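The values are calculated or read from the model by the stated rules, or taken from the named source; none is laboratory data. Please read all numbers here as calculations on a predicted model, not as lab measurements. We place every Cβ from the backbone using ideal geometry, glycine too, and count neighbours over all the protein chains shown.
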Amino acid sequence: MKNIDVSIIMGSDSDLPIMKDCAKFLEKMGISYEIKILSVHRTPEKATEYAKALKENGVKVVIAGAGGAAHLPGVFAAMLPTVPVIGIPIHTKTLGGVDSLYSIVQMPSGIPVATVAINGAKNAAILATSILTIGNEDLKNKLSNFKNSLKDAVSTKDEKLQELGIDTYLDNMK
């Protein structure tokens, strides 16, 4: 295992279409990461070995996507007590991801998992980036530029709305 800043883990390959947004944002910011499919239910030994390796190699943040019971983020938070863990509740067919959200957000006192919205992989990557900006001016500037681009996009859209009016603006959105 190489030294990485962020470990992206997920319980199933069905989570990959969501989790790729996380990886793409980290790449855009120039943050090193590794992405793995692990299951604390089906492969507990492998998950435990991986968590130990992360601890030994000094990973700075773990982002864990999980659906249903969503134990993955909580177990990694317990195994890596000084590493921030960000949980991404994954949308499920049966309960729409609310089960995942509740499972992740209700960690016991002392084992926190920062939790983003259902399927909120990009926000998890942005939060991880915020954590990594501590003591890293270059990364702080990259994140600031990204957030400024969001502000600029809103201003541009408002200017266009004011220029075109509601109906024409909406027609152009189609």
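Kindly provide the set of residues from the stretch 118-152 that are of a type in the set (A, V, I, L, M), exposed (fewer than 10 other Cβ atoms within 10 Å of the Cβ) and assigned to a helix (DSSP H, G or I), ordered by number.
The one that is of a type in the set (A, V, I, L, M), exposed (fewer than 10 other Cβ atoms within 10 Å of the Cβ) and assigned to a helix (DSSP H, G or I): Leu150.
Against the definition (in contact with a Leu (Cβ under 7 Å, 6 or more places away or on another chain) and more than 23 Å from Ile134 (Cα to Cα)), how does Ala53 come out, yes or no?
Taking the combined requirement at face value, the residue does not satisfy it.
Looking only at the stretch 1-12, filter to residues that are at pLDDT below 95 and farther than 30 Å from Glu137 by Cβ; which one of those is surrounded by the most Cβ atoms within 10 Å (Cβ to Cβ)?
Gly11
For the stretch 13-36, what are the residues that are surrounded by fewer than 17 Cβ atoms within 10 Å (Cβ to Cβ) and either within 19 Å of Pro84 (Cα to Cα) or touching a strand residue (DSSP E or B) at 6+ places or on another chain (Cβ under 9 Å) (or both)?
If the condition is that a residue be surrounded by fewer than 17 Cβ atoms within 10 Å (Cβ to Cβ) and either within 19 Å of Pro84 (Cα to Cα) or touching a strand residue (DSSP E or B) at 6+ places or on another chain (Cβ under 9 Å) (or both), then Asp13, Ser14, Leu16, Lys20, Glu27, Ser32, Lys36 are the ones that fit.
Examine the stretch 41-55 for a residue that is surrounded by 19 or more Cβ atoms within 10 Å (Cβ to Cβ), more than 11 Å from Asp5 (Cβ to Cβ), of a type in the set (Val, Ile, Thr) and modelled with pLDDT under 95, and state whether such a residue exists.
No, because not a single residue in the stretch 41-55 is surrounded by 19 or more Cβ atoms within 10 Å (Cβ to Cβ), more than 11 Å from Asp5 (Cβ to Cβ), of a type in the set (Val, Ile, Thr) and modelled with pLDDT under 95.
How many residues does the stretch 129-159 hold that are in contact (Cβ under 8 Å) with a residue 12 or more places away in the chain and in contact with a helix residue (DSSP H, G or I) (Cβ under 7 Å, 6 or more places away or on another chain)?
6
Those residues that are surrounded by fewer than 24 Cβ atoms within 10 Å (Cβ to Cβ) and part of a helix (DSSP H, G or I), I need them from the stretch 78-100; list them, please.
Initially, the stretch 78-100 is screened for residues surrounded by fewer than 24 Cβ atoms within 10 Å (Cβ to Cβ), giving 78-84, 91-99.
Answer for the stretch 78-100, where residues must be surrounded by fewer than 24 Cβ atoms within 10 Å (Cβ to Cβ) and part of a helix (DSSP H, G or I): Ala78, Met79, Val98, Asp99.
Residues that are polar (S, T, N, Q) and either in contact with a Ser or Thr (Cβ under 7 Å, 6 or more places away or on another chain) or under 22 Å from Ala23 (Cα atoms) (or both): does the stretch 152-161 have at least one?
no
Can you tell me how many residues in the stretch 1-48 are closer than 14 Å to Ile63 by Cβ and of a type in the set (Ser, Thr, Tyr)?
Residues flagged as closer than 14 Å to Ile63 by Cβ and of a type in the set (Ser, Thr, Tyr) within the stretch 1-48 amount to 3.
Quick grid of which residues meet (1) at positive phi; (2) within 19 Å of the chain's Cα centre (by Cα); (3) at pLDDT 95 or above:
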| position | (1), (2), (3) |
| --- | --- |
| Lys93 | no, no, no |
| Ala125 | no, yes, yes |
| Ala128 | no, yes, yes |
| Asn136 | no, no, yes |
| Lys142 | no, yes, yes |
| Val154 | no, no, yes |
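Could you list, in sequence order, the residues of the stretch 37-61 that are of a type outside the set (Gly, Ala, Ser) and part of a helix (DSSP H, G or I)?
Pro44, Glu45, Lys46, Thr48, Glu49, Tyr50, Lys52, Leu54, Lys55, Glu56, Asn57
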